[in-house]
Amino acid sequence: MPTFEELRQQGQAAWAAVEKPERPRFVVSINTSSIAAGARETYAALEKLAPSLGFDLMQTGDDGITWAEPIVQVRKPDGQHVLYGNVTADRTEAFAAAAVKGVAQDHAVGVIHGSAEGVPMLWDLDWAKMQVRWLMYNCGVIDPESIDHYIGRGGYQQFIDAAQMSRDDLINIVKGSTLRGHSGSFFSTGTKWQFLKDAATEPKYLVCNADEGDPGGWVNRVVMESDPHMLIEGLLIGAYATGATWGWIYLREEYPLAYERLNNAIAACRERGILGEDALGTGVKFDCEVVRGAGAYVCGDETGLISSINDERGMPRIKPPFPAQSGVLGKPTNVNNVETYACVTTLLRVGAETFSSVGTEANRGTKMFTLSGACEKTGCIEVPFGIKVNELLAGIGGIANGRQFKALQQGGPLSGLLPASIAGDLALEPEPFRALGVGMGGGGLIFLDDTHCVVDLNVMVAHFVEDESCARCTTCRIGNQRMVEIFERTARGEGREEDEGRLTQLFASMVFSNCLHGALSPTIARNTLQYFREEYDAHLHEHRCPAKVCQGLIKYVVVGNSPALAEAAKICPDHIAASGPQPDTDGRCSRGGACCDVAPGDIAVEDRYTDIVPLRVIAPADVARSG
Amino acid sequence: MPDNEATLEIAHLVRDFKPADGDLMGALHAVQHHYGYVPKIAMKVVARQLRLSEAKVYGAATFYSEFRLTPPPETLISWCSGPTCRLKGGDRIRQALETELGIGMGQNTPDNKLGLHFGQCNGTCEHAAQLWVDGKVTGPLTAADAVRLVRNLKDS
């Protein structure tokens, strides 16, 4: 096996070839988001042009600039390094020719190194200024499939350093850093490691929770697809600190590229003796493998995840015993998520002192967030803990299309829904969210604008949590079924006056569910009654959806007769006639208003019920039925 | 394929998986990767290989929504159920798909050409509202785009 010094020299040489190229080097971001935007096609097109134009080609992971994918960076021999966006395959020819010769102005997003006339420095952009790239140190920089690049940028040095400390010193550094689980639980990582180290039974296991199930959040995906070795190094450091000898990375099924890249990284580590009997000559014995989930959100709970690895249905169980006492295969186990392990590597790389200079008193360091929904720029960023939501929103260009910021849905469907007036001034760290009785979650931030309906979002969330309940606890299984019914009928205009009381009853009883899934399921519904009362009441009492989203409360009325109407009639032949209004339609569209997408000028969306319909008298049978 | 032949083939597929080693998910994935679904006979073979009861394997296979127990359609349309897609008209797309195809979520058309699958957010939210046609992200789409897409797929 090569020594670490040999690996380091090899890595530095490989990285130098990227940093100081002999001829232009095009670096294409290949990740799940960019592939969706056509980056693979861009790469193939550039591959064809490379020989004639005289440039080299390389892939990288995800730099978080999802809003400008497909992204190509061009590094020049003179040190100039420019990031270009929106390089779709059909535009590669003109782009490559311009970028090789000078600067492709049409695509330029920012200059990373050197200068280019008329192009701002990337790190001076609003989007970049607020960021501190520690966890994302290698994201969008190295080739995630090259271990040489990782080592060339200082990788695995942290593990070597850690292995020279005593295990107690190492755990104390992690404890002292205030590092807490980044998945949303925010439990002290050092303390968790101490539990495992102190466990009497052997062998001990590490589990990495990569089952990033919160819809609308993908921070772990960015790490795994862009820098898989950072995660593996974090696992190795954890293995040394706790004495664990085997690890499982429990990866969700929806991330095939991360699966590929993690396996590639693990194989590269085994080849070089980084994973195995004696990691880099330090005497640490550790190896790991990837286990793929299969679409069960509740496996994001650590006991559910352990059940899943144990060949069982992924149902959470009651604690104690805690995983540190009895986890995978009944052995002591520590579970952290991807970002947390990567954060340990980061902590040792930047040093405890620098690490504690960023963030807030209670939460040192940085946190990755993904931004989506109504905001101008969709993507992934890394900011110090404690940044205000409004500052962050300003940095990403605010709300798109000049709309109003209405609400924030942070951290997945269990974490909460806050109105802009409260969310805007909130610092992004766990405590301010907890004080409001909600969670900050694992990093997904979804922005709502005034065209979005919170009752409609509740229908989605209620369905999600009901569907993903493991169904062990009656409170969660049946409570969530009732919530689905209540919100569905409210969105249809059939809400009942007694529903509010029933919801309150559900909120009170569901907290008694065993795991957090059940206990936190009603969070968004509770927030809706708390903060969006007017909107909920409009649905319930007036049978009116103010945002005109809920399909049961609106009707499509033909008001014009432009040529577009003929096209709409083709899309929705069952209720639109090309000749104009039909007298006998009731304004329902069986295709979700597809007609209106085609002919928005000819088809108006109107309230279905214009006069307030009196509420139904509560029949005793109804009360008995929904009990 | 006769059962004994399938048994041998599946046994070969899962030969490297070991009992009490966290291998059940891997074994089921291997079977699904090969056949496009987990056939009934595979439960027996996987159970034998991992020293589990058939009931346990069946229990796990039915717990996870990504394991199919019936053959997949020729083209699988996955509908993203995520919140960002929902905000951008995802539910309208679902209605358009179900009406246009005449089937519900999780069903295939009678000729098995097209099928609808309930997808979980994969974080490509800049393309919301989206569908994945045989795994390829397609979006952003309006309900009308979805109608056209399905009509093209039906005709192709």
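The values are calculated or read from the model by the stated rules, or taken from the named source; none is laboratory data. Please read all numbers here as calculations on a predicted model, not as lab measurements. Cβ coordinates were reconstructed from backbone atoms using ideal geometry, including for glycine residues, and neighbour counts include every protein chain displayed.
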Which ones in segment B:130-156 are outside any loop (DSSP other than H, G, I, E, B), more than 8 Å from chain A (Cβ to nearest Cβ) and in contact with a His (Cβ under 9 Å, 6 or more places away or on another chain)? B:132, B:138
Yes or no: residue B:27 in a helix (DSSP H, G or I) and either at positive phi or more than 14 Å from every other protein chain (Cβ to nearest Cβ) (or both)? no
Considering only residues of segment B:30-45 that are hydrophobic (A, V, I, L, M, F, W, C) and over 20 Å from residue A:259 (Cα atoms), which is nearest to the other protein chains (Cβ to nearest Cβ)? B:38
For a quick check of your reading: which strands (runs of 3 or more DSSP E) sit entirely within segment A:392-452 and have at least 3 residues that are in contact with a strand residue (DSSP E or B) (Cβ under 8 Å, 6 or more places away or on another chain) and buried (at least 21 other Cβ atoms within 10 Å of the Cβ)? A:405-410, A:444-449
Given (1) within 14 Å of another protein chain (Cβ to nearest Cβ); (2) in a helix (DSSP H, G or I); (3) surrounded by fewer than 24 Cβ atoms within 10 Å (Cβ to Cβ), where does residue A:462 come up short, assuming only one miss? (3)
Sort out which residues of segment A:306-323 are touching a residue at least 60 places away in the same chain (Cβ under 8 Å), in contact with a Gly (Cβ under 7 Å, 6 or more places away or on another chain) and buried (at least 24 other Cβ atoms within 10 Å of the Cβ), and write them in order of number. A:306, A:309, A:314, A:316
Which of the residues belonging to segment A:40-99 are more than 22 Å from the chain's Cα centre (by Cα), surrounded by 24 or more Cβ atoms within 10 Å (Cβ to Cβ) and assigned to a loop (DSSP other than H, G, I, E, B)? A:87
Residue pairs meeting the criteria (Cβ under 6 Å; at least 6 apart or on separate chains; first assigned to a helix (DSSP H, G or I), in segment A:472-492; second among the aromatic types (Phe, Trp, Tyr)): A:475/A:512
Taking the stated definitions as given, is residue A:603 within 14 Å of another protein chain (Cβ to nearest Cβ), β-branched (Val, Ile, Thr) and more than 33 Å from the chain's Cα centre (by Cα)? yes
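Would you please name the residue that is surrounded by the most Cβ atoms within 10 Å (Cβ to Cβ), looking only at residues in segment A:292-305 that are out of contact with any Cys (no Cβ under 6 Å at 6 or more places or on another chain) and facing chain B (nearest Cβ under 9 Å)?
This residue is A:299.
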Considering only segment B:76-95, I want to know if a residue exists there that is modelled with pLDDT of 95 or more, crowded, with 19+ Cβ neighbours inside 10 Å and more than 11 Å from every other protein chain (Cβ to nearest Cβ). yes
Looking at B:139, B:102, can you tell me which residue is surrounded by fewer than 20 Cβ atoms within 10 Å (Cβ to Cβ) and within 25 Å of residue A:549 (Cα to Cα)? B:102
Total residues in segment B:96-127, condition part of a loop (DSSP other than H, G, I, E, B) and either more than 8 Å from every other protein chain (Cβ to nearest Cβ) or touching a Pro at 6+ places or on another chain (Cβ under 6 Å) (or both): 12
Considering residues that are under 13 Å from residue A:515 (Cβ atoms) and within 11 Å of chain B (Cβ to nearest Cβ), the number found within segment A:306-339 is 4
